[in-house]
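Since the structure comes first, as structure tokens, the remarks are kept for the end.
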């Protein structure tokens with residue numbers, strides 16, 4: 001039953017029926033009064049989600065477009081930046097920064113380990129001449145299932161006086177608490193196909209006043225991703241280019257659903273699902289990849305030592321119509337990832353745990369008692 005395929009990956013994530021129905025509406029003019037009303041409403045809802053009074057801008061593009069926009073709109077060629085790298089997406093921001101001629105100092109951690117906030121503190125403290133213009137990092141490192149301590153790192157950045165924080169919150173926003181104003185974050189990037197419970201296609205950039213001050217001196221090339229044009233048009237409830245109109249319909253439907261549930265309930269649900277997935281894997285006897293205590297609420301990364309991860313993923317998909325994510329780069333075959341982000345219920349998590357456990361039984365390589373993983377996951381959900 002191929003049409004029954006369940007997505008348990010970090011994106012795209014499952015989409016609620018109400019959001020799909022909104023997506024299927026007939027398009028309207030993107031310069032019409034009706035569309036402007038949608039932009040007005042969703043802009044206020046996005047501020048609610050980001051817990052900010054600052055501008056939140058919508059771009060037709062992926063989360064990478066949002067992050068690149070944040071970088072090129074606040075920095076200039078030759079600027080000194082600190083870039084956190086403890087996974088595939090940390091590596092990506094190092095590459096983007098270097099592509100634009102920034103002077104990059106990389107603060108690394110092993111894949112599976114969190115970034116050490118103290119390394120950022122020391123680097124910022126040693127910056128006596130305030131040459132560091134930005135700290136760029138990933139909050140939830142999707143490739144490894146690690147959550148980084150964005151709050152503490154941002155606090156250290158604020159003591160610098162000149163640097164701003166540019167944060168990839170693509171798989172953390174809508175899954176865990178990211179209070180932009182409270183934490184003093186300057187640029188927050190996210191994407192529609194994650195916690196927003198939508199198809200891919202929209203990305204979002206939230207900009208603080210400090211970020212807009214940095215924008216005034218930025219000299220990096222930009223046109224489509226020039227956030228000044230987005231800021232100017234959002235004040236008129238519009239967009240500088242032709243937006244993905246139907247995705248705005250879906251955005252409003254998704255944000256309505258999120259507001260009905262409430263932020264605290266959303267965060268609690270994701271935390272429970274993380275704990276259930278982790279407990280299930282441990283009970284089955286499969287080691288977690290992320291360091292203890294630093295598992296992401298969006299995705300659980302598992303490093304099986306009794307089976308090739310790709311073989312397990314293949315059987316889970318073929319036998320149970322559940323798609324798990326694989327490992328990236330050197331982790332291919334060594335890691336599989338269980339996505340529990342967005343429109344995911346207790347039933348989905350329990351089903352995924354049971355399918356993984358059943359797969360190991362089918363292959364004759366699980367020595368634990370059948371049902372231990374499911375029992376552990378069920379207990380964690382309580």
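The values are calculated or read from the model by the stated rules, or taken from the named source; none is laboratory data. Note that this is a predicted model, so its numbers are computed, not measured. Virtual Cβ from ideal backbone geometry, glycine too; neighbours counted across all protein chains shown.
Some observations on this one:
- In the set 173, 150, only one residue is in contact (Cβ under 8 Å) with a residue 40 or more places away in the chain and assigned by TED's automatic domain parsing to the domain that holds residue 256; that residue is 173.
- Identity of the residue in segment 222-246, in contact with a helix residue (DSSP H, G or I) (Cβ under 7 Å, 6 or more places away or on another chain) and assigned to a helix (DSSP H, G or I), that ends up surrounded by the fewest Cβ atoms within 10 Å (Cβ to Cβ): 228
- Which numbered condition residue 51 misses (of (1) touching a strand residue (DSSP E or B) at 6+ places or on another chain (Cβ under 8 Å); (2) on the phi > 0 side of the Ramachandran plot): (1)
- Set 170, 157, 178: member being at pLDDT 95 or above and more than 12 Å from the chain's Cα centre (by Cα): 157
- One residue from 122, 95 being out of contact with any helix residue (DSSP H, G or I) (no Cβ under 6 Å at 6 or more places or on another chain), assigned by TED's automatic domain parsing to the domain that holds residue 199 and closer than 27 Å to residue 289 by Cα: 95
- Any hit, segment 255-262, residues being closer than 30 Å to residue 74 by Cα, at pLDDT 95 or above and not assigned by TED's automatic domain parsing to the domain that holds residue 358: yes
- Test: residue in segment 65-86 that is surrounded by 20 or more Cβ atoms within 10 Å (Cβ to Cβ), over 22 Å from residue 218 (Cβ atoms) and touching a residue at least 24 places away in the same chain (Cβ under 8 Å): yes
- Residue count for segment 11-37 satisfying the condition of being loosely packed, with under 12 Cβ neighbours inside 10 Å and in contact with a helix residue (DSSP H, G or I) (Cβ under 6 Å, 6 or more places away or on another chain): 1.
- Test: residue in segment 268-288 that is crowded, with 23+ Cβ neighbours inside 10 Å and closer than 30 Å to residue 97 by Cα: no
- Qualifying residue in segment 306-317 (condition: surrounded by fewer than 19 Cβ atoms within 10 Å (Cβ to Cβ), touching a residue at least 12 places away in the same chain (Cβ under 8 Å) and within 23 Å of the chain's Cα centre (by Cα)): no
- Any hit, segment 330-345, residues being farther than 24 Å from residue 143 by Cβ, surrounded by fewer than 17 Cβ atoms within 10 Å (Cβ to Cβ) and at pLDDT 95 or above: yes
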